[in-house]
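For reference, the structure is listed below as structure tokens.
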Amino acid sequence: MKDTDTISITIMSPDAIVWQGAILSLSSSNSEGGFDIMPDHARFMTLIEKTPITLYKTDGSLEVLSFDNAVLFFEDNVAKIYIHKAV
């Protein structure tokens, strides 16, 4: 698997890194509806409120995380999700 086939993701709170690694894609929803982010997606920024974020991991498993509020920023196959605290 090439680096261009994955997304490098970091989920962080003010206190710690909550989750970090390489994923194949992620799914969630915002006020406009559901969305998916895959490698080479256009630059994207959104607020995610009380909606699960599903991470599709490179081993084929899923990781589903929920936060009260999160800000997602994606650019150049790097996703950063900023949260206040884990739920």
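A few notes on this one:
- Residues of region 7-61 satisfying the condition of being assigned to a strand (DSSP E or B) and among the hydroxyl-bearing types (Ser, Thr, Tyr): 8, 10, 25, 27, 28, 29, 46, 54, 56
- Any chance residue 61 is modelled with pLDDT of 95 or more, small (Gly, Ala, Ser) and in contact with a Ser or Thr (Cβ under 6 Å, 6 or more places away or on another chain): no
- Residue that is surrounded by the fewest Cβ atoms within 10 Å (Cβ to Cβ), among those in region 33-64 that are of a type outside the set (Gly, Ala, Ser) and without any contact (Cβ under 8 Å) to a residue 12 or more places away in the chain: 59
- Annotation note: Cβ proximity below 6 Å between a residue of region 5-18 that is small (Gly, Ala, Ser) and a residue that is outside any strand (DSSP E or B) (sequence gap 6+ or interchain) occurs for 13/85.
The values are calculated or read from the model by the stated rules, or taken from the named source; none is laboratory data. This is a predicted model, so every value here is computed, not measured. Positions of Cβ are backbone-derived with ideal geometry, glycine not excepted, and every protein chain shown enters the neighbour counts.
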